[in-house]
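What follows is one structure encoded as structure tokens, with my remarks underneath.
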Amino acid sequence: MNKNSSNIMALAPNTSNKRETVCIFGTGDFGRALGHKMIQSGYPVVYGSRSTQISNLIPKDAEVLSHAEAAQKAAIIIIAIQRQHYNFLIPLAEILHGKVLVDISNNLKLNQYPESNAEYLAQLLPGSRVVKAFNTVSAWALQSGTLDASRQVFVCGDDVEAKQMVMNIVRALSLTPLDKGSLLAAQEIENYPLQLFPIWKFPIFLSLGLTAFFFFYCLALDVIYTYIYERNNFSFFIAITIPNRVCPVMALILLALVYLPGIFAAIIQLYRGTKYRRFPDWLDKWMLCRKQLGLIALAFASLHVVFTLVTPMRAFVSWRTSKGIISQVLNNKTEPLSNTNAWISDSYLALGILGFFLFVLLGITSLPSVSNNVNWREFRFVQSKLGYLALILCTAHTLVYGGKWFLSPSAYKWYLPNIYILSLIVPCAVLVVKFVLIFPCVDKPLTQIRQGWERNPKHSE
């Protein structure tokens, strides 16, 4: 009988898991969106507002009371108002004593105030337990349910119990809490939404700088030089021809720059004889933005594919083809098919297609939704082994396509090398050094160092 009773109790619904009431001060966009999401998750919500009249914007299952009445009904109060309005909380200090105050505010610029908003709130209400959270989630994401880009919620606070209570709410809303420590971390958390692609700055500025350089380099050789010495106006090259030369060059160089810091890291570890010393700051920052460099390289490669596909539709190409046909008709002579040129053409196209395929594969596996479903060995195989294969194929594609210009004196306008020659410097250097590093006499000690062996343990730091 006891056994049956226990089974019945196990199958009975657990009525003790009722959500605690949450109070929200503020009926703005974010306060309403957060309240709506909490109601969907089973939390009773009460709003504290200057006006207690029910608005059609407020979630229908929420209660609206004065600030003092709403605060008395909940142990957790979410402060969804701007810092400049915090002073109204001072008369409520006695009611808010011992309660958990969740500061969700953001500023208009980085380090706008000497202290964070959460620390300022804690100074105003020293008897309350202040926690910083939810400031990295947007109202639009809460309302629409598209949380893929903002699922992570940074949480910090000096009271461990209060912080845990807030993190439980975060989990109940199907978000992911990340404990950032004490309230001293609030300044960093508040600055986070104001940063504009912080990891992307170096890759973007580098790409813009190199793009501008190669664009004006091609403009000088293909348009200005031709106009000065041959009196041909090829200014229309700016629209398609020059971009279609710059894009593959940028894609190849940026792909090589993804693997170049790994080469530097291997050389430094071999020189030091240990892995227990930090790399230089510039190398650390470079290695952290390799994913961004690779994605920008993929964007340039994709543009190159699009520009190449539209090339047959260009008026210049049609004119040049018609001119060749008319020339053969007037001379009563048909140009025979050159097997050599046919092989070269098909070879660089095949290399380019295979290289771009691996390029896309690298980009797909770098997505969090994909990389989270593969183990470290699989991820490393794709990003390292197949990555180097993609670099080899793309380099070979450029070599086969641009090889005819390397030894041609007419290609050196103003004694400057063709753009394709410049594009091969970095990738060829990376591949040559990588080839040396895979020799057993070099690879074996490097592997031992990365497994923890040290040449001079007493000098390691």
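The values are calculated or read from the model by the stated rules, or taken from the named source; none is laboratory data. Treat the numbers as computed from the prediction; the structure is a model and nothing was measured. Here the Cβ positions follow ideal geometry from the backbone for every residue, glycine too, while neighbour counts run over all protein chains shown. Remember, those area values only see protein heavy atoms, side chains included, never the ligands or the DNA or RNA. Shrake-Rupley method; radii C 1.70, N 1.55, O 1.52, S 1.80 Å.
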Problem - Label point distance in nm, C428-F202, each placed 7 Å from Cα along Cα→Cβ - result: 2.7
Problem - Simple Cβ-charge dipole of the range 22-194, Lys/Arg +1 and Asp/Glu -1, about Cα centre, in debye nearest 20 - result: 300
Problem - Ellipticity estimate at 222 nm from DSSP helix runs (n ≥ 4, -39,500 (n - 2.57)) divided over the chain, nearest 500 - result: -17000 deg cm²/dmol
Problem - Reach of K444 by Cα under 29 Å, taken over lysines that are not fewer than 8 positions away in the same chain - result: K275, K285, K291, K385, K434, K458
Problem - Listed residues I240, L121, I189: farthest to the positive end of the dipole of the chain (Cβ charges) - result: I240
Completion exercise
Counting Lys and Arg as +1 and Asp and Glu as -1 over every other residue whose Cβ sits under 12 Å from the Cβ of G262, the net charge comes to +4
Problem - Relative contact order of the range 261-418, defined on C-alpha pairs under 8 angstrom at six or more residues apart (%) - result: 21
Handout entry: Rounded to the nearest 20 debye, dipole of the range 235-370 from Cβ charges on Lys, Arg, Asp, Glu
Key = 360
Completion exercise
Counting only protein heavy atoms and leaving out ligands, DNA and RNA, the solvent-accessible surface of D284 at a 1.4 Å probe, in Å² to the nearest 10, equals 40
Practice task
Find the centroid of the Cα atoms in the range 263-277 and in the range 399-461, then give the distance between the two in whole Å.
Solution key: 17
Exercise for the section: Enter the Cα centre distance for the pair the range 156-178 and the range 196-249, rounded to the nearest angstrom. Expected result: 51
Completion exercise
In whole percent, the fraction of accessible protein surface over the range 347-411 that belongs to carbon or sulfur atoms, probe radius 1.4 Å, stands at 71
Exercise for the section: Give the percent of DSSP beta bridges with both residues in the range 97-247 that are antiparallel, rounded to the nearest 5. Expected result: 20
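Assign unit charges at the C-beta atoms only (+1 for Lys and Arg, -1 for Asp and Glu), then state the dipole size of the chain relative to its Cα centre in Debye, rounded to the nearest 20.
For this selection, approximately 1100 debye.
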Problem - Rel. contact order, % - alpha carbon contacts under 8 angstrom, at least six apart, the range 22-194 - result: 20
Practice task
Along Cα→Cβ, 7 Å out, is where each label goes; now give me the distance between the ones at L124 and W343 in nm to one decimal.
Solution key: 7.9
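Do any chymotrypsin sites (Phe, Trp or Tyr not before Pro) in the range 253-329 lie in a DSSP loop with no more than 15 other beta carbon atoms within 10 Å, and if so, which?
For chymotrypsin sites (Phe, Trp or Tyr not before Pro) across the range 253-329 that sit outside H, G, I, E and B with at most 15 neighbouring Cβ atoms in 10 Å, the list reads Y276.
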Practice task
For K413, go through the lysines and keep the ones whose alpha-carbon is under 29 Å away, minus same-chain ones fewer than eight residues off.
Solution key: K323, K404
Exercise for the section: Classify the range 277-337 as rounded, prolate or oblate, taking a ≥ b ≥ c as the square roots of the eigenvalues of its Cα gyration tensor: rounded when a/c is under 1.5, otherwise prolate if a/b is larger than b/c and oblate if not. Expected result: prolate
Problem - Relative contact order for the chain, counting Cα pairs under 8 Å that sit 6 or more residues apart, in percent - result: 11
Exercise for the section: Take every DSSP beta bridge with both residues inside the chain and express the antiparallel ones as a percent of the total, to the nearest 5. Expected result: 10
Completion exercise
Counting as exposed only trypsin sites (Lys or Arg not before Pro) in DSSP loop states with no more than 12 other Cβ atoms inside 10 Å, the longest exposed-site-free span of the chain is 334-461
Completion exercise
Lys and Arg at +1, Asp and Glu at -1: neighbours of N341 with Cβ under 14 Å from its Cβ sum to -1
Handout entry: Net charge of Cβ neighbours under 13 Å - reference N418; Lys, Arg +1; Asp, Glu -1
Key = +2
Fill in the blank from the handout: Of the residues V102, P91, F30, the Cα lying farthest along the dipole of the range 22-194 towards its positive end, which is defined by charges on the beta carbon of Lys, Arg, Asp and Glu, belongs to F30
Completion exercise
Probe 1.4 Å, heavy atoms of protein chains only: per residue, the accessible area of the range 164-309 in Å² is 51
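Can you pull the percent of the range 77-162's accessible area that's carbon plus sulfur, 1.4 Å probe, other chains left in place?
Here it works out to 53 percent.
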